[in-house]
Amino acid sequence: MRETPAMECPFNSSKTPAYYGSYLAVDKLLGLQTPLSLVEGKLHAHDEMLFIIVHQTYELWFKQILHELNACCEVLEKPSADDDGPDMNVVVHRLKRIVEIWKLLNHQVDVLETMTPLDFLDFRSSLEGASGFQSTQFRQIEATLGLRMENRFRPDYYKHTDMGGFNPEDYNTIVEAEKTTSLLQLVEQWLCRMPFFDDSFWQGWEEERADGATTAEPKFWNRYRKLYETSLSERDERADLLGKFDDTLFKAGAGDFPPAALRAALFIMLYRDEPLFRLPFALLNALIEIDEQVANFRYRHLQMVRRMIGTRIGTGGSSGEQYLQGAVNKNYIYKELAGIITFLIERRNLPQLPKRLHQALRFSSTERQE
Ligand code: HEM
């Protein structure tokens, strides 16, 4: 079971009727902004309030994102999660919600950018070693999505407990999050157990073009590789692309995805119009979109930092702009999943699926298992 923060039911805890302010704990919430430049009731750096509120709203939305991500992981952890059933529908729905939240978070940068660098300097020094870099929830999101230490930009720098780093409790929370099976791993396992190359679906399929392959999967991919080669134009780097095709789909895989998972993902993308593939396709698409939105955040944040502090080092002690640029370039999570788009061919040239598989993909999961 994944860790979800303990929540007290507001209705059970008191006999008084529910009331907007008490249900939402508005008083508590509004008491949580304590600007350091507030001295004897006077706020000396006016924009510090904005700075705090913007960060706090990020943290609230991060909490919601983690809530959704953990729920998605719990569904995918079930070996019985059905590709066309309510389970998968819920996962896709929640992932799409995460995409929308990230869009909102990216817009929030505009609000913070109404603060000028001089306004920021009015209180920046009081932040000392505090930095968004230490947002534990942001790190939990990264880890739950599947960003591994080894794949990060400057992993050595990221995880430390010295000045500008994490306090020991947060550090342990992050270590625990990194140990938990990530969404990426669960998606990979789900892709690898896709049953569509079961020989029973493919009997008699394009026998004459089998090229010596006896089982369905190599038969299909041999044929597909030729179609892919034909689809390349004069201007494409033919040898390079075919080399990549073989490497990604049959040898090394790419990033954290083994070849079998990437083949399954490509198959879903190619035949996404089949009714049973609509949800799996939507799931892959949502993951790629989340990655894109997180990357947008990293980029918008970097631009804001340039405007706010130029090339000065961060309060967290990093090189600031340089570090953030490295993270923008490197810290993608589903880039390799998006990368297989390179291997798509035109819909009209796709091999026709065998009748049995085609039928199995038409919302009849019980038939599929027979
Ligand atoms: C005036 C506004 C801001 C400035 C000048 C700023 C500056 C920086 C700098 C320089 C870093 C690099 C680490 C360091 O040395 O401190 C950083 C990291 C970070 N900041 Fe901000 N930041 C601002 C606002 C925000 C906001 C509103 C958020 C929202 C939560 C945020 C979240 C983060 C995160 C998550 C990182 C780590 C990024 C990574 O490691 O990839 N920052 N920030």
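The length gained by stretching the chain between residue 33 and residue 55 to full extension, at 0.36 nm per residue less their Cα-Cα distance, is 6.9 nm.
Residue separation of residue 100 and residue 16 scaled by 0.36 nm, minus their Cα-Cα distance, works out to 26.7 nm of gained length.
Only Cα pairs under 8 Å and 6+ residues apart enter the sum, and on that basis the relative contact order of the stretch 61-215 stands at 27 percent. Top mean-square fluctuation among 327, 25, 295, Gaussian network model of the chain, C-alpha springs under 10 Å? Comparing 327, 25, 295 in a Gaussian network model of the chain, the most mobile one is 25. Ordered by the number of other Cβ atoms lying within 10 Å of each residue's own Cβ, fewest first, 187, 54, 305 fall into the sequence 54, 305, 187. Using the Cβ-Cβ distance between residue 25 and residue 273 with R0 set to 41 Å, the FRET efficiency from 1/(1 + (r/R0)^6) comes to roughly 0.30.
Taking amide H positions as modeled 1.01 Å from N, with prolines and chain starts lacking one, the residues under 5 Å from residue 166 and 5 or more places away or on another chain are 160, 161. The GluC sites (Glu not before Pro) of the stretch 175-236 that DSSP puts in a loop, and whose beta carbon has at most 14 other beta carbons within 10 Å, are 206, 234. Within the chain, what is the longest stretch that has no chymotrypsin sites (Phe, Trp or Tyr not before Pro) placed in a DSSP loop and near at most 13 other beta-carbon atoms within 10 Å? Result, exposed sites excluded: 20-362.
Subtracting the Cα-Cα distance of residue 355 and residue 107 from their residue separation scaled by 0.36 nm leaves 84.5 nm. Between amide H atoms placed 1.01 Å from N, distances below 5 Å from residue 38 occur with 44, all of them 5 or more places distant or on a separate chain. Between the C-alpha center of the stretch 306-324 and that of the stretch 146-202 there is a gap of 27 Å.
On the basis of the beta-carbon distance and an R0 of 56 Å, residue 125 and residue 348 show a calculated FRET efficiency of 0.30. Backbone phi angles across the stretch 224-239, fed through the Karplus curve with coefficients 6.51, -1.76 and 1.60 (θ = phi - 60°), yield HN-Hα couplings of 5, 4, 5, 5, 5, 4, 5, 6, 6, 8, 4, 7, 6, 7, 3, 4 Hz in residue order; Gly and Pro are listed as x. With both labels modelled 7 Å from their Cα along Cα-to-Cβ, the residue 181 to residue 67 distance reads 2.5 nm.
Per-residue Karplus couplings for the stretch 112-120, computed as 6.51 cos²θ - 1.76 cosθ + 1.60 with θ equal to phi - 60°, are listed in order as 5, 6, 6, 7, 8, x, 5, 4, 5 Hz, Gly and Pro entered as x. Evaluated at q = 0.13, 0.16 Å⁻¹, the base-10 log of the normalised Debye intensity for the stretch 1-153, with identical point scatterers placed on the Cα atoms, takes the values -0.86, -1.13.
Here, each number is a calculation from the coordinates, and none is a lab measurement. Note that this is a predicted model, so its numbers are computed, not measured. Neighbour counts are summed over all protein chains in view; Cβ atoms, including those assigned to glycine, are modelled from backbone coordinates with ideal geometry.
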